[in-house]
Amino acid sequence: MSTGYLKLTLGELTVTLDGFQGEDFPRAKVEPMRPETSALGSFISYGRFYEDRHLWNCVAVISPEKARILDALYWEHHRLRRTFAPAHFLLIDTTQPFQERSPRTRAIAPAPFNQPTTVATSFISYYAQFYAWFDAQPQFTLLGSRHQSVRLSLIEYSDKVPVV
């Protein structure tokens, strides 16, 4: 599994998640393009004509303290959403680099993950920051007195964290 982390920040609440379980990276596209072939053999592509959002699904082992902070962050997000206030939170993802055509369109993760890599002449790879929402309430499982497991599902908010 990935050796990076996910860091969630909403107001004064901040929690860093690492120690992910499983072999998949947490981040994936919500609904990627689906190519098909017509009855006449023509190639047809279904999907959005704008950038797909990202979805983070992961299970991590965390301390009881981090579980309390994550739960508080969820309920604060839920409260803000219910009161029609901006409810998105900052998510820094250093589990998997983000690739795109140059120039960068998103804020970059803080040091030591802040060095973009050139993939090709016009493509770059870097650890990015996102705005996100909870897609579901975190599910906690007790793993003894010192650790808990959390199943997390987050979805990217439509706005991007601006490049500075």
Given the conditions (1) crowded, with 17+ Cβ neighbours inside 10 Å; (2) of a type in the set (Ser, Thr, Tyr); (3) over 14 Å from the mean Cα position of the chain (by Cα); (4) assigned to a strand (DSSP E or B), which single one is not true for residue 118? (1)
Please go through region 21-42 and give me each residue that is loosely packed, with under 13 Cβ neighbours inside 10 Å, at pLDDT below 75 and among the hydrophobic types (A, V, I, L, M, F, W, C), ordered by number. 30, 33
Subset of region 146-162, residues loosely packed, with under 12 Cβ neighbours inside 10 Å and free of Cβ contacts under 8 Å to residues at least 60 places away in the same chain, comes to 162
Could you tell me which residue of region 67-115 is nearest to the chain's Cα centre (by Cα), considering only residues that are aromatic (Phe, Trp, Tyr) and part of a helix (DSSP H, G or I)? 74
Scan region 136-164 residue by residue and report those that are over 20 Å from residue 22 (Cα atoms) and touching a strand residue (DSSP E or B) at 6+ places or on another chain (Cβ under 6 Å). 156, 157, 159, 161
Filtering region 49-67 down to residues that are among the charged types (D, E, K, R), within 18 Å of residue 20 (Cα to Cα) and out of contact with any strand residue (DSSP E or B) (no Cβ under 7 Å at 6 or more places or on another chain) yields 65
Give me the pairs: first residue in region 72-83 and closer than 16 Å to residue 135 by Cβ and in contact (Cβ under 8 Å) with a residue 40 or more places away in the chain, second residue among the polar types (S, T, N, Q) and not in a helix (DSSP H, G or I), beta-carbon distance under 7 Å, and six or more apart or on different chains, which are they? 74/137
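The values are calculated or read from the model by the stated rules, or taken from the named source; none is laboratory data. Here the structure is a predicted model, which means the values were calculated and not measured. Positions of Cβ are backbone-derived with ideal geometry, glycine not excepted, and every protein chain shown enters the neighbour counts.
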